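Structure first, then comments.
Values in this text are rule-based calculations from the coordinates and carry no lab data. All values reported here derive from a predicted model rather than from experimental measurement. In this analysis, Cβ positions are derived from the backbone assuming ideal geometry, glycine residues included, and neighbour counts consider all displayed protein chains.
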Amino acid sequence: MTGSQTLGVLVDVGSDGSIVLPSDMMTTAQITAGGQVEVLAQHGALIMRNASPPCELCGSLVDVQKVGTYYLCAADRTLLKSDL
């Protein structure tokens with residue numbers, strides 16, 4: 001485990017209110033560029049969690065796209081294409 005998986009880190013808040021999260025924290029939370037996060041304010045803290053839909057076959061949150069009526073990750077999309 002890396003430190004940021006178990007410990008908090010300090011990040012700067014930009015003048016527009018933006019924050020930049022360390023990439024290892026993004027990876028741990030399976031948050032990718034273009035994904036969505038839900039932000040909650042609770043007891044003086046901000047809580048963020050991944051809000052992107054998971055892959056319906058394996059549960060992954062990484063690189064999930066809607067294929068027909070299903071949400072599938074890249075690995076499962078590749079497996080399905082190879083079976084056709």
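A few remarks follow.
- Cα-Cα P(r), the chain, percent of pairs per 10 Å interval: 15, 39, 28, 15, 3, 0
- Relative protection proxy for 57-66, 27-36, from highest mean packing down: 57-66, 27-36 (other beta-carbon atoms within 10 angstrom).
- Residues of region 64-84 with amide N under 19 Å of the 7 Å Cα→Cβ point at Leu21: 64-65
- 222 nm mean residue ellipticity, helices alone, for the chain (DSSP H n ≥ 4; -39,500 (n - 2.57); rounded to 500): -6000 deg cm²/dmol
- Leading residue at positive end of dipole, the chain (Cβ point charges), from Leu10, Pro54, Leu40: Pro54
- Its Cα centre serving as origin, the chain has a Cβ charge dipole (Lys and Arg +1, Asp and Glu -1) of approximately 160 debye.
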